[in-house]
Structures are given as C-alpha cells and as structure tokens.
Amino acid sequence: MGVVLFVFSGVHIGLKLGQSTLPKEQLAFQPEKSMASCPNCRGDIQKPWLDAALSHAVEFILLHQNTDGSFQYGYDWAYKKNYPNEKPEFVAAVLWRLVLLYEETREKRLLESIELGLGFLEKGISAMTQTGRKGEASITAAETNTGFAAFMALLLSDYLRVAESISDQSRMGLSAKLNICIDLMLLAKTDKGRFRKSCAFSKKQCQGEPERILDGQVLLALIKAAKYRPDHDIQNLIRNECLPGYLSNLKKTFMEKSPKNPWREFQPWAALICHELATSGWAETEQSKVLLHESARFLMEQEEIIRPKQPLTNLLPALIIASDSANEASAASSKNHLIQAVNWLLASSAAYQIFPSTAHDRLCRPKSTDKLAVGGVLSDPRFPLLSLEATTRWMHALVLARRHCR
C-alpha cells in the first residue's frame, strides 16, 4: 500500500492510500451542521461561549510548549505524534499572541510561559556589538529574517507595555533588544516604503523582494514601537515614507473586482494597523477608521467568507475591530451587520476546534478524550494535523472578540 506525503510548512504528513488515517470523530465531522447549530449565529456574542473556546485553545498551546521555551509545530491527531518546529519567528508569533491574552487575564501561567519563551529566543539575537541606532546593540549575524525581527518587536513592545513586574535591569535589556529589531526593520526598508525579507547588518545589505504580508507585519511592529515608547523619529519615518503608499494600496484593493485582487495578503495585518492608527491621535486617525469600515464591508462580499470551507481565523480581526468602531460611532445598522458577520465567522471557525468528549455545547464539532488534541484547531478538515499556528490565530481572534464585542 503506497503512501502520499503532504507538506505543511516543512512538516511531512503521511497518509496511507486506500485507508483513511483520520480519527473517527473527524470523519464524522460536518462543519456546516456546526455553523447551523451555533448558538451565536444570531443575536449578541455570548461571553461564556468565547471563554470556553479560549480556555481550551490556551491549554492546547501551553501543553505543546517545550521545556526550552519553544513550541511544537502541531499535533497529528491520528498518529498521536508531535511535529517539531525550528523557526524562532514561529515562537515569537505564538508568544506575542500570549502577551495579548495576558493583558486581558493576568494569569501567572501565561507570564511564566512567555518568560520561558523569551529565554529561548535569546539565541536568535545573541550576537551583538555596541554599535546600534541608540548606541546600545546591533545584530551581527550573517543574515536575519525580517519577519523574525517584526514578531520580536511586536512581542517586546507589548510585553514591555503590559508586564509590570519586570525589573529595571531586565527592562533595559529587553528595550535594547527591541532597538535591535527596529534597526533591522529600518535597514530592510526600500525607497518605496516596503520591506525586504532578510538583512545582514555587517554588510548593510538586504535581499528578497517585498511581500504584502511582510509589509503589514513590519509596519504594525514599527507603529506599535513608535506609539508606546514613544519614538518621534520612527513615527515621522513611518508617516512620511511607509503609510502613504500602504494605505493607498489598501484602499485600491476595496475597489478592484479582479480575481487577482491581493486582498488576502493585506488581511489581517491591515485591520490591526488601521486600529493602531485609529487610536494613535496621529493625523491618519480618521482615515484609518474609514478604511476599517471599508475593509469589513469588502470582506463580507467575498464568497469564501460567505461560504467558508476552512477556519477563517486570519480574517476575523478585521471584522471584530470594525464592529467595535461601529459601536463607537453609534451606527446601529452598520453595527448590527458587522456583529452578524463576526458571529458567523466565529461559528464557522469554532467548528474546527477540538473539544473534550464531555463538552455539551450545541456545535457538532469533533470531540476527543485525547488531552493533547483538545483545544487544537484543524488547519484543514481533510487532514488530522492540529496546527499551533491555526490555534494561536484562533486564540488571537477570541481575545479580540472578548475585548471588542461587548
């Protein structure tokens, strides 16, 4: 009997031909029934429902953190096997989203997980010299991934903002590392305000063509750093060299009807960027609020959102944040329309999360007695991989829903 190999971001998963390897609970899974029976598809979002989904997601993530602070890539529900991850960028992204949750809950175990992960990430920025932008430190490694610098900057900016128990010495050290990340992102910037994939500080050279997803990640990291430090030099650079082109291109995507419209590459980073700008007090505040509403309206017209065939956790932030803006503006019709869309997307994504076999909710989602599977999110219902990336995105969406949908 032959074997077919599928690859997910470098992870090989074998499926035997002629014999299903999916757990029986997943084989019986019918996401359309889950969505139809969801208690939140009409009316206001119910907080206990969000809390239960969030609690199980967090348990899954923490169970799959290694003793060195890194995280597994995912868990094969069929073979009961963990898949390793070796990318510091992945670890930084998971930890950043845990910081956002810690800001809401102040749970000690989350802080312990974050601090353990920060210890692991020390290896990613350990080669330093006293020649940085602020005279503190700079990366001297041959080449550094710009995406890693962006997620590290997001992690450090928010951690320094919300973690009150950090000693002065630790705060100074983490601030120095944040400056390293800022240095690298600024070095990666092109003349058009976009960002290359990797840089070598020693040679002052960068390579790799800019990508819209990376542009969004880096721009969000720089905006947060400029807002919460504050750093007027970075703020002026962002506003003069990066934002005009980015916001202009974002607006164009809402008017383009072509199948090649790159809107998927802008979300959800565009929504998070617009939210930060809308609460910044900068000159772009009002423009960003308008773009948030345009973004939400555009998303609700897309076929893959109206009839989702996989979890859409990467698109939820745009609608959640826009619904909050509608609340502030007291636009009743807009608010109701957005909340209905948020409810639908939450329900469609929740249908792919594994719940314990003892759970008695109305969703027809898969349930399991396997403690290592409970709380995980299926990246695709055709495969038994419970991905930490999909689960942390889902956790992020739930954090935003708790914060904005009240």
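Bear in mind these aren't lab numbers, they're just calculated from the coordinates by the rules spelled out. Given the structure is predicted, the values throughout are model-derived calculations rather than measurements. So basically every Cβ, Gly included, is an ideal-geometry build from the backbone, and we count neighbours across all protein chains shown.
At-a-glance table
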quantity: Listed peptides 253-264, 171-182, 61-72, 232-243 by packing density, highest first (mean Cβ within 10 Å); calculated: 171-182, 61-72, 232-243, 253-264
quantity: 5 angstrom amide H check on S368, placed H, neighbours 5+ away; calculated: F355, S357
quantity: R297 versus D51: modelled label distance in nm, points set 7 Å from Cα along the beta carbon direction; calculated: 3.7
quantity: Cβ-derived FRET efficiency at R0 22 Å, T67 paired with Q169, nearest 0.05; calculated: 0.30
quantity: Coil-residue trypsin sites (Lys or Arg not before Pro) of the range 203-234, DSSP, other Cβ within 10 Å capped at 12; calculated: K204
quantity: Reduced Cα scattering model of the range 266-306, Debye log10 I(q)/I(0), q = 0.18 Å⁻¹; calculated: -0.49
quantity: Global geometry of the range 191-329, whether rounded, prolate or oblate, following the gyration tensor of its Cα atoms and the 1.5 cut on a/c; calculated: oblate
